[in-house]
Amino acid sequence: MGYHKNFQKKVSIIALLGFLVLTLSSCLGVNSNVTIRQNGSGTIQMEYRLSRMFEALGKLDGNEKQLPLPVSRTDFERTISRVPGLQLTSYATSQDQKDILVKAELSFANLDALIGFLDASGQSVRLANEGGNRAMGLVLVRGIKNVDKDLENLVRTVFAGYTIDIGFNLPSTPTVSTVGKIGQAAVTGTTARYTSPVTDLVLSPEPVELRLSWKE
């Protein structure tokens, strides 16, 4: 009876971990730089580092229902087809024994196209005008409470060494802040940058939001 309960517990932990991976942090390591020009156009440079387990699961092609960001060229092309003003300018992949590395660059004609790429659901990014300034809020995670200790240990093992690094190069000196105590946000010149270990984001009990503001 005890063995059966332990087995069920382990199965539920693995299932929850899979859910976290597929819905929260599809790309185990992310390095991205978004450049926004004065007229609202710009570029997105992205580098994903994914566990090879996605290849084994067959999730790398046509995976928009499993992963929140595009990974394969097919995914990028599908995203471009639904977001007016978005173009894929370069795409490449490579791999080693542990990870698959995806590098892509896109251009966007306006901020609506940028938001369409960052937030397909329309629930995680907000853009507003505030007294002559542009304000953007980007929800990174929504938080997960009462995490099982075994799950926490498993997450820390699986995501060890992976980081999130997001930079925004803006047309004027921005202000940056976060809601939640996870990660670090800083401004250097006209660039705002947020960094965090993936484990901290995955296990955050509260929502984490990055907030930016800059003069138009």
Per the filter on the range 97-107, residues open to solvent by less than 50 Å² (accessible area, probe 1.4 Å) and farther than 24 Å from Gly122 by Cα are Asp99, Ile100, Leu101, Val102
Scanning the range 180-205 residue by residue, the ones that are among the aliphatic types (A, V, I, L, M) and open to solvent by 20 Å² or more (accessible area, probe 1.4 Å) total 5
*Do the conditions hold for Ser177, that is, is it surrounded by fewer than 17 Cβ atoms within 10 Å (Cβ to Cβ), touching a residue at least 12 places away in the same chain (Cβ under 8 Å) and either aliphatic (A, V, I, L, M) or not in a strand (DSSP E or B) (or both)?*
no
Of the residues in the range 123-154, those that are open to solvent by less than 50 Å² (accessible area, probe 1.4 Å) and among the charged types (D, E, K, R) come to Glu152
**Prompt:** Does any residue of the range 135-154 turn out to be without any contact (Cβ under 8 Å) to a residue 24 or more places away in the chain and not in a loop (DSSP other than H, G, I, E, B)?
**Reply:** yes
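When the range 155-174 is examined, which residues are found to be in a helix (DSSP H, G or I) and either open to solvent by 60 Å² or more (accessible area, probe 1.4 Å) or at pLDDT 95 or above (or both)?
Just the residues of the range 155-174 that are in a helix (DSSP H, G or I), to begin with: 155-158.
Of everything in the range 155-174, those that are in a helix (DSSP H, G or I) and either open to solvent by 60 Å² or more (accessible area, probe 1.4 Å) or at pLDDT 95 or above (or both) turn out to be Arg156, Thr157.
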Those residues of the range 108-119 which are in contact with a Leu (Cβ under 9 Å, 6 or more places away or on another chain), over 16 Å from Glu209 (Cα atoms) and open to solvent by 10 Å² or more (accessible area, probe 1.4 Å) amount to Ala109, Leu111, Asp112, Gly116
Per the list (1) surrounded by fewer than 19 Cβ atoms within 10 Å (Cβ to Cβ); (2) under 23 Å from Ser213 (Cβ atoms); (3) of a type outside the set (A, V, I, L, M, F, W, C), residue check on Ser94 breaks on (2)
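The values are calculated or read from the model by the stated rules, or taken from the named source; none is laboratory data. Keep in mind it's a predicted model, so treat the numbers as computed, not measured. Cβ atoms come from the backbone with ideal geometry, glycine included; neighbour counts cover every protein chain shown. The accessibility values were calculated without ligands, DNA or RNA, using every heavy atom of the protein model including side chains. Shrake-Rupley method; radii C 1.70, N 1.55, O 1.52, S 1.80 Å.
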